[in-house]
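A.B. asks: Structure provided below as structure tokens; questions to follow.
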Amino acid sequence: MPIRFYNTLTRKKEVFQPIKEGEVGMYTCGPTVYDYAHIGNFRTFIFEDLLKRYLLHRGYKVYHIMNITDIDDKTIKRSREENTPLGQMTDKFTGHFMDDSNWLKIIPANEYPRATDSIPKMIEMIQLLLEKKYAYTDNDGSIYFNIQSYPDYGQLTNLDLNAQRTTNRIASDEYTKDDPQDFALWKGWKEEDGDVAWDAPWGKGRPGWHIECSAMSNQYLGDHFDIHCGGVDNIFPHHENEIAQSKCATDQPFANHWLHSEHLLVEGGKMSKSLGNFYQIKDLVDLGYSPENIRYQLLSGHYRTRITFSADKKHEGDRVVNRIFDLKSRLIELGAYSAAESQLPAVYNEFINKLDDDLDSPGALSLFFQWMRTQNSKFDKGIYNDRDIGESWEFLCVLESIFGIVKIDSDHIPNEVIHLAEQREEARKEENWEKADKIRDEVQSKGWIIEDLVTGYKIKKT
RNA sequence: GGCGUCGUACCCAAGUGGCUUAAGGGGGCGGUUUGCAAAACCGUUAUUCGCCGGUUCGAAUCCGGCCGACGCCUCCA
């Protein structure tokens, strides 16, 4: 079965066909580094991570670019508020973003171009658009893209511009541009921009947001590439504008497949800074979340459906992640590392079929859980052979390589806890159950659980 | 006003015409196991998919209406 993805551009699932056999060029809109990213931002990044991990698993060579928006209205505003030079402020939040991404086991992109490093490319593109009459200069030194000059404008969004009413937001703005819906390619320098300015043939200023991605994708992936991703809120106007700019500048098709992840809601509503109903990664760390738990929460719903992130569901994630890790530990105890057999179980094909169908991660997980039960059952009953161990191990590795929800190692157990567990084992041998139970309680109060096995005991974190 | 999405058990969530007289996870309940637990496993928890009609041999799945939640329509992942 071929891989099929829903393409926002055509509004249907399409067979994924890379331009170059076996290779995928992928551009994902990265963060605007004016603050810490929140879990909603990371839903998109983890969806993109799933997409990339899956393509890699299916044997594609993936060249992934994620931009860092380090120059726009928000970054300038924040740097002024903090009275910190723009570059210093954006460096700081870029660093936090990298740390959070890494903690969440997101596979790094091949390149993380910063907008401020690609200004010459942006100027070059704007120049082209001016020459081709897709853009015009305004009296304040700004350059606007004339959307009337591009007949397909609105295709991605499915908007008929002539049928649009003028919203209050637009009407209330003061514009000198020809059409209120034209968007800025370049913003002429203003007093409040301070020293944030670059020289361009038409005067000093700074780039508009949309041209950043057009320039950076072009610089690293060329005129025409395979996949472009982002959150649904980037569809309009950001991606619509990118398409217009890039196609008009290059006369090439731009991105073939557009994939967008839906919003992550928080306890009923959209996350918003003004309501304060959002979690940043550090908040989740404080609440005791593991990266695997967060990944599970975000991947247990399909990327094109709205899902709600709720701390109430932490327990569910912990249970699932622990169950998977327990299977892993069990397999290691059974000698999985040295298992000679290394093929995948039959269910693997169904698992792949699910993911081939527009990344049906919940469907794939469901198959995994069903399979996990039958394996545990075999191991419980002692009816298994090397092949079962080998297959289980292989499938678990596949799960980790695609989902990233298998914990790497067990937690470091303090000597004190090990010592207590030994004492308890002695007490158990003497059938001193009272003492044994007391020690178990004591260990539990220190945050560890002792589980008795036929062969001895096992210590786990609570 | 335009474009579009969603409504499946206590909670989360697949399925989009017959393989489903509705996956999977969490929770609850009962059991196997255990010195007792824990973990694991087994059983159970929706004759029904917001409501009402229609199409069809057959619908959660298609069509129409209604009710309810929601997104976008210039810079929010």
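A.B. asks: 5 Å is the cut-off here: which amide hydrogens, built 1.01 Å from N in the peptide plane, fall below it relative to A:G231, excluding neighbours closer than 5 in sequence?
C.D. replies: A:S261
A.B. asks: In the structure shown, do any of A:K20/A:K92; A:K61/A:K133; A:K20/A:K247; A:K92/A:K461 have a Cα-Cα gap over 29 Å, and if so which?
C.D. replies: Result: A:K20/A:K92; A:K61/A:K133; A:K92/A:K461 exceed 29 Å.
A.B. asks: Return a whole-number percent for the relative contact order of chain A, with Cα pairs under 8 Å and 6 or more residues apart as the contact set.
C.D. replies: 17 percent
A.B. asks: Still on this structure, please answer the following. Based on the inverse mean of 1/r over its pairs of different Cα atoms, what is the Kirkwood hydrodynamic radius of the stretch A:415-461, in Å?
C.D. replies: Answer for the stretch A:415-461: a Kirkwood hydrodynamic radius of 10.4 Å.
A.B. asks: Report the extension gain between A:A311 and A:D73 in nm, rounded to one decimal, defined as 0.36 nm multiplied by the number of residues separating them, less their alpha carbon distance.
C.D. replies: Fully extending the segment from A:A311 to A:D73 adds 82.4 nm.
A.B. asks: Of all DSSP beta bridges in chain A, what percent run antiparallel (nearest 5)?
C.D. replies: Among the beta bridges of chain A, antiparallel pairing accounts for roughly 50 percent.
A.B. asks: Ok, one more. For A:D199 and A:K460, what does the FRET efficiency come to when R0 = 60 Å and r is the distance between their Cβ atoms, rounded to the nearest 0.05?
C.D. replies: 0.45
A.B. asks: For A:I107 paired with A:L287, estimate the spin-label separation in nm (one decimal), with each label point 7 Å from Cα along the Cα-to-Cβ line.
C.D. replies: Computed distance between label sites A:I107 and A:L287 equals 2.8 nm.
A.B. asks: Sorted by mean Cβ packing within 10 Å, highest first, what order do the peptides A:181-191, A:382-392 take?
C.D. replies: A:181-191, A:382-392
A.B. asks: Next question. Along Cα→Cβ, 7 Å out, is where each label goes; now give me the distance between the ones at A:E124 and A:K446 in nm to one decimal.
C.D. replies: For the pair A:E124/A:K446, the computed spacing is 6.3 nm.
A.B. asks: Determine, from the Cβ-Cβ distance of A:K13 and A:I418 and an R0 of 56 Å, the FRET efficiency 1/(1 + (r/R0)^6), rounded to the nearest 0.05.
C.D. replies: It comes to 0.60.
A.B. asks: Take the Cβ-Cβ distance between A:D152 and A:E21 as r, set R0 to 30 Å, and report the resulting FRET efficiency rounded to the nearest 0.05.
C.D. replies: 0.60
A.B. asks: Continuing with the same structure: Which order, highest average first, do A:431-438, A:208-215 follow once you tally other Cβ atoms within 10 Å for each residue and take the mean per peptide?
C.D. replies: Order by mean packing, descending: A:208-215, A:431-438.
A.B. asks: For chain A, I need the span (max minus min coordinate) of the C-alpha atoms along each principal axis, in Å, sorted largest to smallest.
C.D. replies: Its Cα atoms span 92, 51, 36 Å along the three principal axes.
A.B. asks: Let me have the relative contact order for the stretch A:4-261, percent, based on Cα pairs under 8 Å that are six or more residues apart.
C.D. replies: 25 percent
A.B. asks: Turning to a different aspect of this structure: Over its Cα atoms, what ratio of radius of gyration to 2.2 N^0.38 Å does the stretch A:1-101 give?
C.D. replies: Relative to the rule-of-thumb radius for its length, the stretch A:1-101 sits at 1.34.
A.B. asks: What are the membrane-span-like helices in chain A by this rule: whole DSSP H runs, Cα extent along the axis at least 20 Å, mean Kyte-Doolittle hydropathy at least -0.5?
C.D. replies: Within chain A the helices that satisfy the rule are A:39-57, A:386-403.
Laboratory data are not the source of any read-out in this text; all were calculated from the coordinates shown. The model shown is predicted, which means the values in this text are computed figures rather than measured ones. Cβ coordinates were reconstructed from backbone atoms using ideal geometry, including for glycine residues, and neighbour counts include every protein chain displayed.
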